[in-house]
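The values are calculated or read from the model by the stated rules, or taken from the named source; none is laboratory data. Because the structure is predicted, anything quoted here is derived from the model rather than measured. Reconstructed Cβ throughout: ideal geometry from the backbone, glycine too, with neighbour counts over all protein chains shown. Quick note on the areas: whole protein, heavy atoms, side chains included, nothing else; ligands and nucleic acids left out. Shrake-Rupley method; radii C 1.70, N 1.55, O 1.52, S 1.80 Å.
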Amino acid sequence: MSTLADVVVIGAGVHGATVAYHLAKAGAGRVIVVDKAGVAGGPTAKSGAMLRPIFTEAPYIQLVMRSIEMLEHWDDVVGGDAGFVERGFLRITRNFSEADLGGNLDLMKSLGAEFEILGLDALKTRVPDAEFVGDELGLWLPRSGFADPVLTTRTLARAAQRRGVEIWEGTQVTGLLARDSRISGVQTDRELIHTRTVVNCAGPWSAQLAAGIGVELPIETHRGGTSLFQRPEALPVGSPIFSDGVHQVYFREVNDHVLRAAHFGWTKHQVDPDTYDETISSEQYLGLRDDLRKRFRSMRRSVYAGGFSAIYDMTPDAHPIIGNVGGIDGFWCNCGWSGNGFASAAAVGEPIVDLMQGKTPGVDLSLFAWPRPPSTKIRPDAHWVRR
Ligand SMILES: Cc1cc2nc3c(=O)[nH]c(=O)nc-3n(C[C@H](O)[C@H](O)[C@H](O)COP(=O)(O)OP(=O)(O)OC[C@H]3O[C@@H](n4cnc5c(N)ncnc54)[C@H](O)[C@@H]3O)c2cc1C
């Protein structure tokens, strides 16, 4: 059995969903999204889903700001509820260097990102539960927050479906087909799809799929732990995201009773995305709790409420791989987001579709081409791996 499609999107995580949504808006013909699990059935479901435009490169700042704008008006723009709450984001830091902050304040300001610098007294007033030492500062971003990653992905996917996109859930891509350096089809365990255009949004599985047509993508799968804690009384409901750059740990609310916390960055542990251990070890949980206790008095009496491990699709410089790759016509990638992909997702589908349709995108994605432009710098937080 076989069928014909104009575009096949592999993966229905938040990146497959955004590409499908923007393809549908652009009238790209018959689009089929294939996911071996289902919509938001992979790593996206475990995302912290936080959005804050702290970066050293313009495209990230532009994409995150645009995604926040979309989420602020999600029901009008996409349709439905993405669970977005604009609580604000507080980063505690010793200084505002790119290496320590992971952002360039001048660039952020020039692109219109809203933020306020807090001195020690302001920090103490804003977070009475926390302890600070002499040289610490705060960066407050009022228009930041977090969404529900599953609702965000589902609403994008359902909006794409309403515009005619087909989503084949529970269907596995078993191989890509290419002839004369051009995509010719996608083999699935349901049927063969003849197509001249594929978008690889398979996250940690992207490299394996690309290898099937002789394209090498430098994406490794790394595992990291998230812990849940009962909310201490001293941290009121509706608190912002607390991000402690000194101890490299953050937490945010899951609901009125539970907080989720994780270290920055990712672990150096490489795993197999199909068989990794989804639990959190006591060593990881205790390490997290110790770092939270260094800052927040109430976390010294915090009650552990469970946890999990999740996987990150990491590239060597921590930038995603976006564009036509490997000298294969019709082979597009949007993967390798390196633990950082939720915040840009809603908006990035549009410039990707522009590129696919030969238009000049509103956000310049050339930084994310593979191979990289020679001037590309490593994302500063790629150096923050400590565990
Ligand atoms: C714990 C955690 C916290 C995070 N927190 C944040 C955050 O606060 N802010 C932020 O910006 N980012 C965050 N991220 C990163 C962000 O969540 C990811 O970058 C993003 O969700 C990746 O989405 P994706 O669609 O690229 O990939 P995935 O979610 O990995 O989706 C890939 C999909 O491809 C499918 N697939 C794979 N192979 C095949 C095949 N052969 N056939 C069919 N289907 C296939 C899978 O089933 C899967 O559904 C976090 C990530 C994790 C794990």
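Go ahead and set up a Gaussian network model of the chain, Cα springs under 10 Å, then flag whichever of Thr152, Thr376, Thr188 fluctuates most.
The residue that fluctuates most here is Thr376.
Using the scaling law 2.2 N^0.38 Å as the reference, what is the normalised Cα Rg of region 10-94?
1.26
What list of ³J(HN,Hα) couplings, whole Hz, do you get for region 158-167 from phi and the Karplus terms 6.51, -1.76, 1.60, once you set θ to phi - 60° and write x for glycine and proline?
5, 5, 5, 4, 4, 9, x, 5, 9, 10
With all protein chains present, how much of the accessible area of the chain (probe radius 1.4 Å) comes from carbon and sulfur, to the nearest whole percent?
49 percent
Could you name the lysines whose alpha carbon sits less than 27 Å from that of Lys124, not counting residues in the same chain fewer than 8 places away?
Within the straight-line limit of under 27 Å, Lys124 reaches these lysines: Lys109, Lys294.
Using only the alpha-carbon atoms, how far is helix 58-72 inclined from the longest principal axis of the chain? Give it as 0 to 90 degrees, nearest 10.
The helix 58-72 is inclined about 90 degrees to the chain.
Over the chain, what is the mean sequence separation of C-alpha contacts under 8 Å (at least six apart), divided by residue count, expressed as relative contact order in percent?
Across the chain, relative contact order equals 23 percent.
For Glu114 and Ala37, calculate 0.36 nm times their separation in residues minus their Cα-Cα distance, and state this gained length in nm to one decimal.
23.9 nm
When you take every Cα atom in region 96-153, what is the radius of gyration, and what is Dmax, the widest Cα pair distance, in Å?
Rg, Dmax (Cα atoms, Å): 14.3, 43.
Using the Cα atoms as the points, what is the convex hull volume per residue of region 171-242 in Å³?
Cα-based convex hull of region 171-242, divided per residue, equals 173 Å³.
Antiparallel as a % of all DSSP beta bridges within the chain, to the nearest 5?
Approximately 70 percent, going by the DSSP bridge assignments.
Can you give me the long-range amide H partners of Leu4? Hydrogens built in the peptide plane at 1.01 Å from N, cutoff under 5 Å, separation of 5 or more residues or another chain.
Residues meeting the amide H criterion: His194.
Tell me, rounded to the nearest percent, the portion of alpha carbon pairs in region 1-154 spaced more than 22 Å apart.
53 percent
Can you spot the lysines whose alpha carbon is less than 18 Å from Lys359's alpha carbon? Ignore those fewer than 8 places along the same chain.
Lys25
Can you give the angle from 0 to 90° between the axis of helix 282-293 and the longest principal axis of the chain, with both taken from C-alpha atoms, to the nearest 10?
That helix lies at roughly 50 degrees to the long axis.
What accessible area per residue comes out for the chain, rounded to a whole number of Å², with a 1.4 Å probe?
For the chain, the per-residue accessible area is 40 Å².
Compute the orientation-averaged projected area for region 226-323 from the convex hull of its Cα atoms and round it to one decimal in nm².
Average of the hull's projected areas for region 226-323 equals 7.9 nm².
From zero outward in steps of 5 Å, how is the percent of C-alpha pairs of region 124-240 spread across the bins?
Answer for region 124-240: a P(r) of 2, 7, 11, 13, 13, 12, 9, 8, 7, 7, 6, 4, 1, 0 percent.
List every residue whose amide H lies under 5 Å from the amide H of Arg372, counting only residues 5 or more places away in sequence or on a different chain, with H placed 1.01 Å from N in the peptide plane.
Distant-sequence amide H within range of Arg372: zero hits.
In the calculated pair distance distribution of region 269-387, what percentage of Cα-Cα distances lie above 24 Å?
So the pairs more than 24 Å apart make up 46 percent of the total in region 269-387.
Once you put a point 7 Å from the Cα of Arg196 and another 7 Å from the Cα of Arg94, both along the Cβ direction, what distance in nm separates them?
So the label points at Arg196 and Arg94 sit 5.7 nm apart.
Ratio to report: Rg/Rh of the chain, with Cα atoms as the point set and Rh obtained by the Kirkwood method; give two decimals.
0.97
Based on Cα positions only, what radius of gyration and what Dmax would you give for region 309-356, in angstroms?
Final numbers for Rg and Dmax: 11.7, 37 Å.
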